[in-house]
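Taking it in order: structure first as structure tokens, then the write-up.
The values are calculated or read from the model by the stated rules, or taken from the named source; none is laboratory data. Remember, it's a predicted structure, so these values are computed and weren't measured experimentally. A quick note on method: Cβ atoms are made from the backbone with ideal geometry, for glycine too, and the neighbour counts reach across all protein chains shown. Heads up: the accessible areas ignore ligands, DNA and RNA and are worked out on the full protein's heavy atoms, side chains in. Shrake-Rupley method; radii C 1.70, N 1.55, O 1.52, S 1.80 Å.
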Amino acid sequence: MASETYQSKNVCVIGAGPSGLVAARELRKEGHSVVVLEQNHDVGGQWLYDPNVEGEDPLGRSPTLKVHSSLYTSLRLISPREIMGFTDFPFAVKKGRDMRRFPGHTELLLYLKDFCDWFGLRELIRFNTRVSYVGMLNGDHVVGCKDLKWVVKSVEKKTESFVEEVFDAVVVATGHYSKPRLPSIKGMDAWKRKQMHSHIYRVVVVVGTSLSGQDISMELVDVAKAIYLSGKSLDISEGLSKVITKHENWHLRPQIDVLQEDGKVLFVDGSWIIADTIIYCTGYSYTFPFLDTKGIVAVDDDRVGPLYEHTFPPSLAPFLSFVGIPRKIIGFPFFESQAKWTAQLLSGKTTLPSRDDMMQSIKEFYHSRDVAGIPKRNTHDIAEFEYCDRYGDHIGFPHLEEWRKELCLSALRNADTDLETYRDSWDDHDLLQEALQSPHFTQLGPQDFDFPI
């Protein structure tokens with residue numbers, strides 16, 4: 001349903017990473033007044049690498065972390081660059097930069113800087129500004145009210161000056177790869193040797209067989225005396241199995257049962273080792289320490305809710321929205337569709353279902369996940385192209401191109417069979433050519449990317 005008169009809102013976007021930048025772009029395009037608050041000195045969010053982790057809690061248990069990025073020096077993308085760009089700004093190869101299909105993290109940061117400069121977004125961003133509080137103006141009295149406004153308190157990090165402002169709407173775009181999620185292991189607090197989460201890994205027992213656990217193990221295998229990769233399941237991919245069998249010092253072990261003060265690590269199968277260091281590659285948790293919704297929105301075992309379509313709290317939408325919550329998706333196009341929907345809702349161009357209908361939809365979604373045996377902590381793991389297409393249908397957002405879906409699946413298959421080489425050796429040349437000849441890559445013309453930044 002569309003409104004005949006469009007409205008311009010004063011909107012605060014929190015975070016200048018991929019989701020925050022595209023949110024700012026879409027909001028401004030829709031005619032809103034936009035301010036982006038970013039705690040770091042530049043755009044990029046998670047992709048703004050910070051090597052200075054000295055003084056950071058090795059396990060990341062502090063309420064506020066000094067370092068936002070969880071990148072490690074050698075990290076390369078796990079998806080080919082062709083699938084990652086926003087719909088109107090392809091992640092194209094640029095001469096003199098990292099031209100690989102699976103480039104290092106710096107190349108993606110440069111892409112985001114290009115995006116920011118191409119669309120003139122820097123003028124909207126206040127850098128080195130940490131948000132300390134976001135709450136409803138007048139609190140409980142306006143929940144569900146069409147005149148709901150938000151108080152946003154922030155501090156400029158260099159001058160330590162505090163600012164308090166009122167906005168019509170707030171878009172939370174702070175990402176989900178900063179707050180380490182730690183396992184619960186008996187003896188963990190008493191273990192005297194070195195423990196760290198991969199959040200601060202930069203340059204051993206590696207807990208977790210996730211992609212970061214595999215990557216970090218491969219990086220350490222040539223310098224560590226022994227690496228023990230511990231996971232809940234010993235059912236590993238063919239690619240990981242191939243790599244492990246190539247190295248005598250790389251061993252697979254089941255879940256850790258107990259850590260003992262003398263450095264002993266006991267596994268659930270009864271085996272044990274003495275370890276110097278444990279690195280927890282156990283993922284990240286959603287956290288919004290600045291956000292006060294009077295309990296309306298909460299994080300429960302990594303379920304942020306209630307959120308209609310992973311984006312809108314029914315009682316507060318569209319004046320509060322979250323862009324960038326879903327995982328296991330082709331991220332940038334999906335964030336773009338979230339941003340477009342949010343912008344159009346705020347202008348009145350489109351509307352949401354009733355609060356009751358949204359709550360019923362959320363209830364049915366939770367039930368479907370429960371029936372499928374999906375743990376609560378994986379609520380926002382999508383892993384379904386069809387969902388992304390259905391989401392876009394709310395605003396007429398284009399479906400993911402078939403070549404984009406197929407290139408994604410091809411990369412996953414290759415990683416599954418050839419973990420060590422899939423980034424540099426592939427067999428999807430025909431798909432690649434189809435992608436490069438598609439309107440996505442030809443829309444701006446090759447000369448349009450040669451602008452100075």
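The table that follows gives values for the structure above.
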| item | result |
| --- | --- |
| Heavy-atom accessible area per residue - segment 176-303, 1.4 Å, Å² | 48 Å² |
| 426, 150, reordered so the largest accessible area comes first (probe 1.4 Å) | 426, 150 |
| Counted charge near residue 240, where neighbours are those whose Cβ lies closer than 12 Å (Asp, Glu -1; Lys, Arg +1) | -4 |
| Per residue value of the accessible surface for segment 313-453 (all protein chains in place, 1.4 Å probe), Å² | 48 Å² |
| Dipole magnitude of the chain about its Cα centre (Cβ charges: Lys, Arg +1; Asp, Glu -1), debye to nearest 20 | 960 debye |
| Sorted peptide list for 396-407, 232-243, criterion being average Cβ within 10 angstrom, highest first | 396-407, 232-243 |
| Full-extension gain in nm, residue 262 to residue 376, via 0.36 nm per residue minus C-alpha separation | 37.5 nm |
| Segment 194-280 - charge dipole about Cα centre, Lys and Arg +1 at Cβ, Asp and Glu -1, debye rounded to 20 | 100 debye |
| Under 18 Å from residue 158, Cα to Cα: lysines that are on another chain or at least 8 residues apart | 66 |
| Chain lengthening between residue 399 and residue 238 when straightened (0.36 nm per residue, less Cα-Cα) | 54.8 nm |
| Sum of side-chain charges, residue 227 neighbourhood, beta-carbon under 13 Å (Lys, Arg +1; Asp, Glu -1) | -2 |
| DSSP beta bridge pairing in the chain, given as percent antiparallel to the nearest 5 | 45 percent |
| Surface share of carbon and sulfur [accessible, 1.4 angstrom probe, percent] for segment 338-381 | 49 percent |
| Whole-percent carbon and sulfur share, accessible surface of segment 194-280, 1.4 Å | 50 percent |
| Amide N of segment 387-412 lying under 18 Å from the label point, which is placed 7 angstrom from the Cα of residue 100 along Cα→Cβ | 411-412 |
| Extension gain from residue 425 to residue 246, taking 0.36 nm per residue of separation minus the Cα-Cα distance | 62.6 nm |
| Estimated 222 nm signal from helices in the chain, with DSSP H stretches of n ≥ 4 weighted -39500 (n - 2.57), rounded to 500 | -8000 deg cm²/dmol |
| Exposure rank, largest accessible area first [162, 102; 1.4 Å] | 162, 102 |
| Cα gyration tensor category, rounded, prolate or oblate, for the chain with a/c compared to 1.5 | prolate |
| Rounded to 5, the percent of DSSP beta bridges in segment 194-280 classed as antiparallel | 30 percent |
| Solvent-accessible surface (1.4 angstrom probe) belonging to residue 262, in square angstrom, nearest 10 | 80 Å² |
| Contact order relative to length of segment 327-453, as percent, for alpha carbon pairs under 8 angstrom and 6 or more apart | 23 percent |
| Exposure ranking of 244, 274 by accessible area [1.4 Å probe, largest first] | 274, 244 |
